[in-house]
1. Considering region 225-254 alone, what residues qualify as being modelled with pLDDT under 85, buried (at least 16 other Cβ atoms within 10 Å of the Cβ) and of a type in the set (S, T, N, Q)?
2. Kindly evaluate PHE214 against the criterion of being of a type outside the set (Ser, Thr, Tyr), part of a loop (DSSP other than H, G, I, E, B), within 16 Å of the chain's Cα centre (by Cα) and surrounded by 18 or more Cβ atoms within 10 Å (Cβ to Cβ).
3. Considering region 188-211 alone, what residues qualify as being under 21 Å from GLN46 (Cβ atoms) and either surrounded by fewer than 21 Cβ atoms within 10 Å (Cβ to Cβ) or among the aromatic types (Phe, Trp, Tyr) (or both)?
4. Which one of these does SER209 not meet: (1) over 22 Å from VAL101 (Cα atoms); (2) assigned to a loop (DSSP other than H, G, I, E, B)?
5. If you scan region 207-225, which residues turn out to be without any contact (Cβ under 8 Å) to a residue 60 or more places away in the chain and either at positive phi or among the charged types (D, E, K, R) (or both)?
6. Only one of (1) modelled with pLDDT under 90; (2) surrounded by 14 or more Cβ atoms within 10 Å (Cβ to Cβ); (3) of a type in the set (A, V, I, L, M, F, W, C); (4) part of a loop (DSSP other than H, G, I, E, B) fails for ILE21. Which number is that?
7. What about ALA51, is it within 30 Å of CYS224 (Cα to Cα), exposed (fewer than 15 other Cβ atoms within 10 Å of the Cβ), of a type in the set (A, V, I, L, M) and at pLDDT 85 or above?
8. For LYS114, all conditions in the list (1) surrounded by fewer than 19 Cβ atoms within 10 Å (Cβ to Cβ); (2) out of contact with any Asp or Glu (no Cβ under 8 Å at 6 or more places or on another chain); (3) modelled with pLDDT of 85 or more; (4) closer than 20 Å to ALA159 by Cα hold save one; what is the number of the exception?
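The values are calculated or read from the model by the stated rules, or taken from the named source; none is laboratory data. Please read all numbers here as calculations on a predicted model, not as lab measurements. Cβ placement follows ideal geometry from the backbone for every residue including glycine, while neighbour counts extend to all protein chains displayed.
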Amino acid sequence: PTLKLRQWGEELTIWSFNGHILFGGPDFHGICLTTVFEKEEMQSIQRNLLARIEGDYSSLRYMSDKKKSDGVALESVDNDRVFVMYLHDFLDSPGVYGETVFHDQWDWIHCAEKAVSRVGGHLLLKLHSNENLFTLGPNDLLIEKFGGKSNVSFVDRNAALKQIVSTYRPRAVLTMYGSVIMECACMNIPVIYTSHNPYVAFDFGLRVSSKKAFGSAIETHANCAVTEMDEQQMKSRAWLVAEAQLRINKLMKDSSLGAIPLIDVPPSLMKELGFDIEDGSNVYDRIALHGWKTNWGQEHHRLHEYTKQKIAESQEYQEVMARYTGNA
C-alpha cells in the first residue's frame, strides 16, 4: 500500500519513490557494489546521519528544518527491557510504507504492546516529530488508549535518538519503514521493521514477514545484551552507512519509474473495493467517524492491487521493466 490519498473523486497520488516498493522491487539485494563515490559525497551523507542522531533532521525534506531536541528532558523507567517504537505520521497512515505485515499503524501498535508485555518489557512510544491538524485526533486517542498502561510510556516526540539510547539503552527500536533504520545502524542499535525497503540489502536491522515473526523477534531481542559505542566508533560506522545510502540512492534513481500520471479513483470504485464512504467524503473524516479504528487495511490492499494493475499497464512501467531485463 504505497499510496497517498487525497479526497475521493479527485485523485490517488502515487509517490514515484515508493513506486519501486509497489511491485516488491527492484531486487534490493542486487545493489551495485562496484561504483566508487566521491569523498565529498560520502562526507555529506555521513554528516547528515550524525546530525540526525543528535536530533537535527533538516537533511530530510519531509521533516522540520529546525532542531527541536535541545532542552528535552527524558524520564527514566524502572525496567531494563525497553523497546522504543518510532511511530509514523498518522497523516500517512495507513498506507505509504510498502508491503507490511500489519493492516495499519494501530494493528502494529497493539501487537507491539502485547509482545513487549509478554516478555516483561516496557514499550516507549515516540510520536512522529511532524505535527499537523490531521494527526491531532489519532495522537490524542493513542495517548488515551495507552497512557494508563503500566508497561507503556510516551517519550518526547522531539527527543534525539542519541539521547533516547543513552537514557533507556533499548533492546531494539521498532519501525515500519523509517530513516531511523539507518541512524540505528550507525549506533549498532537493533531495529525490527515490517516493510520491504532498500535497507534489506545491508542487513540494517531485522525485517519480519509475519505477526508471529514480529513477536518472536521481540522475545529474542528482550534477552540480548545492549552495547554502546563511543564517538569514534559511531563516526566510523556512519561512514559505512553513508556509502550504503549512496548505493541505495543510485539504485532507486537508475530504476525510477519516473513521473507516473496521477490515477483517478472515483467514489464509485472506492465503494466497489469496500470503502463505506459518501461522495466527497475525506479519508480522515471517515477514519475519525469510526474512532480511528477500521478494517481499512483490507480495503486498502484491494486498492493497492488495483493500482498495481493500472501502473503495470502504463508505458512508463514497461520501459522500466525492459531496463531490468536488458531488453531496452
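1. none
2. Answer is no for this residue.
3. ASN188, TYR199, ALA201, PHE202, ASP203, PHE204 - these are the residues of region 188-211 that are under 21 Å from GLN46 (Cβ atoms) and either surrounded by fewer than 21 Cβ atoms within 10 Å (Cβ to Cβ) or among the aromatic types (Phe, Trp, Tyr) (or both).
4. Among (1) over 22 Å from VAL101 (Cα atoms); (2) assigned to a loop (DSSP other than H, G, I, E, B), the lone unmet condition for SER209 is (1).
5. Within region 207-225, ARG207, LYS212 meet the criteria.
6. Here ILE21 clears every test but (4).
7. no
8. Result: LYS114 fails condition (4) only.
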